[in-house]
1. Using the number of other C-beta atoms within 10 angstrom as an exposure proxy, rank B:ILE75, A:ILE99, A:ILE54 with the fewest first.
2. Express the Stokes-Einstein translational diffusion coefficient of chain B in µm² s⁻¹, to the nearest whole number, given a Kirkwood radius over alpha-carbon pairs, 37 °C and a viscosity of 0.692 mPa s.
3. State the Cα centre-to-centre distance between region A:1-66 and region B:55-90 in whole Å.
4. Region A:1-72: which trypsin sites (Lys or Arg not before Pro) are DSSP loop and have at most 10 other beta-carbon atoms within 10 angstrom?
5. Looking at chain B, identify the longest residue range that excludes and avoids all trypsin sites (Lys or Arg not before Pro) in DSSP loops having at most 15 other Cβ atoms within 10 Å.
6. Stokes-Einstein diffusion coefficient for chain A at 10 °C in a medium of 1.306 mPa s, Rh from the Kirkwood formula over Cα pairs: what value in µm²/s?
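What follows is calculated from the coordinates using simple rules that are stated; it is not laboratory data. Quantities reported herein were computed from a predicted structural model and do not represent experimental measurements. Please note: Cβ atoms are built from the backbone with ideal geometry, for glycine as well, and neighbour counts cover all protein chains shown.
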Amino acid sequence: NAGVTQTPKFQVLKTGQSMTLQCAQDMNHEYMSWYRQDPGMGLRLIHYSVGAGITDQGEVPNGYNVSRSTTEDFPLRLLSAAPSQTSVYFCASSYSTGIEKLFFGSGTQLSVL
Amino acid sequence: EDQVTQSPEALRLQEGESSSLNCSYTVSGLRGLFWYRQDPGKGPEFLFTLYSAGEEKEKERLKATLTKKESFLHITAPKPEDSATYLCAVQASNSGYALNFGKGTSLLVTP
């Protein structure tokens, strides 16, 4: 049982480049989300999805797009990378949208130069 | 505005030296308070969920408690393998599905 799988683990981009961070879960979880973690700050919610075809914005959505075409996958797209997007990104999922514990992936460390 | 504050920012303990981590919160209607453990280079790992004041949960050397304003994570006789960052997060009734995370307490347990 792989849980939540994120790829890549590390990525370096130049300002203006675009890329997609991949996230997949094999637990048939309804809820999936993306967080970013910056030094000296708590984890902040970027986007989330409560099911296939349904997505919504979190606290810091600007500069990011998401889609949820299947239950398993929830990719995060950076449209035009900026240095302010340098961060560690975590994908997380839970069984339902209730008061459920989150299962986190191992993270993607992104640097934008 | 909802706030979650963790203290101390960092804590160094000798093996066997018990202590407590604090998470104080201000939210409009608490639905749940979560504790996670995060090891370097890894994602957070779930420890506990507390739902109402007076509730307590235990797991090995860890015990989490909840009041109307704060939660404590008590660590009894810690071992070096307990070294990690401990994160507190709250889910409020007016925040939809979002968790509001604190900045964490970095714990180092030395032999």
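1. Values: B:ILE75 22, A:ILE99 15, A:ILE54 10.
Listing B:ILE75, A:ILE99, A:ILE54 from fewest to most nearby Cβ atoms yields A:ILE54, A:ILE99, B:ILE75.
2. 235 µm²/s
3. After rounding, the separation between the Cα centres reads 27 Å.
4. A:LYS14
5. On the way: sites that count: B:LYS42, B:ARG61, B:LYS68, B:LYS69.
In short, B:70-111.
6. Values: Rh = 13.9 Å.
Rounded, D is 114 µm²/s.
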